[in-house]
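Comments concern the structure below.
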Amino acid sequence: MCGNNMSAPLPATVPAVRKATAAVIFLHGLGDTGHGWAEAFAGIRSSHIKYICPHAPIMPVTLNMNMAMPSWFDITGLLPESQEDEPGIKQAAENVKALIEQEVKNGIPSNRIILGGFSQGPISGVNRDISILQCHGDCDPLVPLMFASLTAEKLKTLVNPANVTFKTYEGMMHSSCQQEMMDIKQFIDKLLPPVD
C-alpha cells in the first residue's frame with residue numbers, strides 16, 4: 001500500500017487541481033478497491049485537496065468462508081461480541097500511518113489530512129479534538145442501523161461528543177448516495193478550507 005506492503009497496488013489518487021494544501025485518505029470496504037471511491041471523490045473534489053484511496057491487501061476473510069478478497073483485516077463475524085483481528089487492525093493502522101507520513105513528507109501538514117472510510121475502512125489513533133462525520137443508510141442489510149447508532153455513541157465517549165455528527169439516509173442500503181456525498185464534501189470543505 002505504501003512501500004511496506006508490496007502486494008497491494010499503489011492507491012487510486014485524485015490529484016489536486018492546483019497545489020495540494022490538504023489531503024483526504026479514504027479506505028474502502030470489504031471486497032472493494034479504492035478506484036470507485038476515487039471516482040466518487042473526483043465528482044465532489046475541491047481544487048486544493050488531494051484524495052488518496054488505497055487498496056486493501058488480498059487476504060482470506062473468515063466471515064466469507066475464507067475467500068481471499070481485498071480486506072484491511074480479517075472479520076470473523078458481524079455481531080458486537082465477534083472476535084476482532086487485533087493484529088490485522090494494527091497492521092492496517094500502520095499502513096494508514098505510513099500514508100499520512102508520506103503526505104507530510106510531501107508538504108501537507110498532518111492537521112490538514114482527513115482520514116475516512118466505508119464500512120470496514122478503519123479509523124484508529126483517535127485524537128479527542130477531531131471532528132467525525134458518520135453516515136449510514138437506514139436500510140443497510142449488512143450493518144444494521146442499531147450497530148451504527150452504537151458506534152456513534154461509542155465515538156462520543158472517545159472524542160468530544162459535540163464533534164460527532166451522525167447522519168442517516170432514508171432508503172439507503174450498504175452503499176452511498178448523492179446526498180451523503182454532498183454532506184461529505186461540506187464536512188471536508190469546512191475542515192480543510194483553502195489556505196492560499
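The values are calculated or read from the model by the stated rules, or taken from the named source; none is laboratory data. From a predicted model like this one, the values you see are computed outputs, not experimental measurements. Reconstructed Cβ throughout: ideal geometry from the backbone, glycine too, with neighbour counts over all protein chains shown. Surface accessibility is based on the protein's heavy atoms, side chains included, excluding ligands, DNA and RNA. Shrake-Rupley method; radii C 1.70, N 1.55, O 1.52, S 1.80 Å.
Counting only protein heavy atoms and using a 1.4 Å probe, what share of the accessible area of the chain belongs to carbon plus sulfur, as a whole percent?
Numbers: 6080 of 10700 Å².
Carbon and sulfur together cover 57 percent of it.
Total Lys pairs in the chain closer than 21 Å by alpha-carbon, pairs eight or more apart in sequence or interchain only?
Step by step, the pairs that qualify in the chain add up to 15.
Per residue, how many Å² of accessible area does segment 35-139 show with a 1.4 Å probe?
Values: 5570 Å² over 105 residues.
About 53 Å² of surface per residue is accessible.
With charges set only on the Cβ (+1 for Lys and Arg, -1 for Asp and Glu), what does the dipole of segment 137-195 come to about its Cα centre, in debye to the nearest 20? Show your work: numbers first, answer last.
Numbers: 5 positive and 7 negative charges, 52 e Å.
Charge dipole, segment 137-195, about its Cα centre: 240 debye, nearest 20.
Over its Cα atoms, what ratio of radius of gyration to 2.2 N^0.38 Å does segment 90-196 give?
1.14
Please give, to one decimal in nm, the separation of the simple spin-label points placed at Phe147 and Asp129, each 7 Å out from Cα toward the Cβ.
Placing both labels 7 Å beyond Cα along the Cβ direction yields 3.4 nm.
Once you charge only the Cβ atoms, +1 for Lys and Arg and -1 for Asp and Glu, what is the size of the charge dipole of segment 51-196 about its Cα centre, to the nearest 20 debye?
Numbers: 10 positive and 17 negative charges, 72 e Å.
Dipole about the Cα centre, nearest 20: 340 debye.
Using only C-alpha atoms and all pairs of different ones, pull out the Kirkwood radius for segment 4-62 in Å with one decimal. Spell out each step's value before the answer.
Details: mean 1/r = 0.0826 Å⁻¹.
Here the Kirkwood hydrodynamic radius works out to 12.1 Å.
Using a cut-off of 13 Å between beta-carbons, work out the net charge of the residues near Thr168 (Lys and Arg +1, Asp and Glu -1, Thr168 not included).
Working: positive: Lys167; negative: Asp138, Asp140, Glu170, Glu180, Asp183.
Once all neighbours under 13 Å are counted, the net charge is -4.
Apply the Kirkwood formula to segment 57-125: the hydrodynamic radius equals the inverse of the mean of 1/r over all pairs of different alpha-carbon atoms; give it in Å with one decimal.
13.4
Could you point to the residue in Ala148, Met173, Gln91 farthest towards the positive end of the chain's charge dipole, with +1 and -1 charges on the Cβ of Lys/Arg and Asp/Glu respectively?
Gln91
Could you work out the longest stretch of the chain that avoids the GluC sites (Glu not before Pro) located in DSSP loops with at most 12 other Cβ atoms within 10 Å?
Between exposed loop sites, the widest span is 82-169.
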